[in-house]
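For reference, the structure discussed in these notes is given below.
Quick note: the coordinates plus some simple rules give every number you see, no bench work behind them. Remember, predicted model here, so these are calculated numbers, not experimental data. A quick note on method: Cβ atoms are made from the backbone with ideal geometry, for glycine too, and the neighbour counts reach across all protein chains shown.
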Amino acid sequence: MATNETSLPVDHGRRNFLNWFLGTSAGAFLVAVLYPVSRYLVPPEVEESTAHTVTLSVKTQELKANSGQIFRFGSQPAILIESPAGVVRAFSATCTHLGCIVQYRSDISQIWCACHNGHFDLNGKNIEGPPPKPLEEYVVNLRGDQIVVSKKG
Amino acid sequence: MELQTAKHGRLWIWLDERIGLGGLAKLAKKKEVPLHRHTFWYYFGGMTLFLFMIQVTTGILLLLYYRPSAGEAFESIQFLMTEVQFGWLIRSIHAWSANLMIFAMFIHLFSALLLHAYRRPREMTWLSGGGLLALCLGFGFTGYLLPWNELAFFATRVGTEIPGVLPVIGPFLRRLLRGGNDVTGATLTRFYGIHVAILPASVTLVLGLHLFLVQKHGMSRPLSVETNSEEKKAMPFFPNFFLRDLVGWLCALGLLAALAAYYPAELGKKADPFQPAPIGIKPEWYFMAMFQTLKLLPSHILGIEGELLGVLGFGIVGVVLIAVPFLDRSSGLGKTATRLAAAFGFTLIVYSVILTYLGYTMNPTK
């Protein structure tokens, strides 16, 4: 054992350097592989439709009191409702709880989410069940027989 | 040599020289299964493996007709179900076998938990089993979207929104899962890739580790049996236990065939991102307890959004479940810790059964 040590002197400085060099190279190699892969997995930002105003295909005379329907607001679903008193309103149709699409229930005159039984009143306010926030409200303008919905502000 | 030829035949000897069949035969002969009053529960690991093999086989067959895009997925399955000979059978077996596999897996998990099979030196076996459960739930979740029908669409919207409620990283995770801001064709393509490539590759690795560890440590004897002074009885795995396994697998196959024939998998309506969620929407049964919990939680609890608390709660239960071997050992409570682990298991079973029952029986409109 002692003869081995004397015949093969170990240069610790050089060995440490080589170990460090090998370790860093392996680390750099891993980063060079993992970085592009991790960036690849994140989907690119796609330009979303920035519609602020939408003219609906449905006409005012086709609306019925105490009813609702889904329409496209840009790339997002929205809901148009006419209250039993005849007031027309529009909201985002994406439930504030876990993102399902809501519907109008004429039996209780409320906006309702079937996924987790969330209830919203005719002003879009969350009144029962798990939704934590009200639905985003849009502005509805009736121009002749046309219905124009736009974002607030 | 002549004696060997008489015993095994030439082919066996030829193969033995090249791949070492003798060593494998020796290994197989060594494998034993402990015999005691809880031996029955040992069958469920093999049962899960059998059903997984059915999943791989039927999954490969489904790949031949399935088209992973929002425009074609639903139609390709409609074609498979109505035009392709036995297409309905292959898809129904795939759907039912997935359910039975998860069920067998839960039995396997809870039997290992309640019989404390996770204790030293089997902590890694428990962890790899937990990894397999997570991967299989991932299979269930991603596979559910592939038919691109109404139920699948909303289940995925909700399911991918759940990590989205986490603070800071939530929105990023949601985008990563969906392949964009919303559930679209990009999500379908992503889920398809995960379902047919990423998850199978991962399961192969983790399952390999799990099976290796089971061979290395042998099957665990429950504490009550181990401490018993009576003689440790065992049964050879080959052929005694394996033949019993086969009988179980044959029964499972019979049940699968009956379920697929009498209750073929449904397809429903094609997903429409501009239609409200249908009344009575439900996830797969194994997500029902979580779904129902989120439904019953109020909007705010002590000023914190209910769903966030729910999601954090699921996370904590998952972490505790995975960490059971370490909590049980490091707590220093001895038998009390073991009893606590059992109590945790029972509570989880009772809670899941009650919430799942409520999920299926409560009026969805009230």
Subject >> Convex hull (Cα only) mean projected area of region A:91-152, reported in nm² to one decimal >> reply: 4.5
Original post:
If you build a Gaussian network model of chain B, linking Cα atoms that sit under 10 Å apart, which residue out of B:14, B:96, B:41 swings the most?
Top reply: B:14
**OP:** Can you list which of the chymotrypsin sites (Phe, Trp or Tyr not before Pro) found in region B:218-275 are DSSP loop residues with at most 16 other C-beta atoms within 10 Å?
**Re:** B:274
Original post:
Given H placed 1.01 Å from N in the peptide plane, which residues other than close sequence neighbours of residue B:32 have an amide H under 5 Å from its amide H?
Top reply: B:237
Original post:
Tell me, Kirkwood radius of region B:230-366 from alpha-carbon pair distances, in Å?
Top reply: 19.9
Original post:
Quick one: which of B:286-292, A:71-77 comes out on top by average Cβ neighbours within 10 Å, and what's the full order, highest first?
Top reply: B:286-292, A:71-77
**OP:** Would you mind ranking B:16, B:272, B:328 by Cβ crowding within 10 Å, fewest neighbours first?
**Re:** B:272, B:16, B:328
Original post:
Given charges of +1 on the Cβ of Lys and Arg and -1 on the Cβ of Asp and Glu, with all other atoms neutral, how large is the dipole of chain B about its Cα centre, in debye to the nearest 20?
Top reply: 920
Subject >> Rel. contact order, % - alpha carbon contacts under 8 angstrom, at least six apart, chain B >> reply: 25
Original post:
Cross-link partners among lysines for residue A:152, C-alpha distance below 19 Å, same-chain residues fewer than 8 apart left out?
Top reply: A:125, A:133
**OP:** Can you put B:267, B:64 in order of Cβ neighbours within 10 angstrom, beginning with the fewest?
**Re:** B:64, B:267
**OP:** When you have a sec, figure out the Kirkwood radius of chain A from all distinct Cα pair distances and drop it here in Å to one decimal?
**Re:** 20.1
Subject >> Sparse-neighbour loop sites [trypsin sites (Lys or Arg not before Pro); region B:269-317; at most 13 other C-beta within 10 Å; DSSP] >> reply: B:269
Subject >> Order of A:37, A:88, B:196 under a 10 Å beta carbon neighbour criterion, fewest first >> reply: A:37, A:88, B:196
Original post:
Most fluctuating residue of B:17, B:305, B:266 in a GNM of chain B with Cα springs under 10 Å: which is it?
Top reply: B:17
**OP:** Could you pull the Rg and Dmax for the protein assembly as shown, using just the Cα atoms, both in Å?
**Re:** 29.0, 105
Original post:
For region A:2-41, what is the Kirkwood hydrodynamic radius in Å, using each pair of distinct C-alpha atoms?
Top reply: 12.6
**OP:** Take chain B, connect every pair of alpha-carbon atoms lying under 10 Å apart with a spring to form a Gaussian network, then pick out the residue of B:26, B:232, B:216 with the largest mean-square fluctuation.
**Re:** B:26
Original post:
Short version: ³J(HN,Hα) in whole Hz for each residue of region B:280-289, in order, from phi by Karplus 6.51 cos²θ - 1.76 cosθ + 1.60 (θ = phi - 60°), x for Gly and Pro, what are they?
Top reply: x, 5, 9, x, 4, 4, 7, 9, 4, 4
Original post:
chain A: longest stretch without exposed GluC sites (Glu not before Pro) (DSSP loop, at most 16 other Cβ within 10 Å), sites themselves excluded?
Top reply: A:49-153
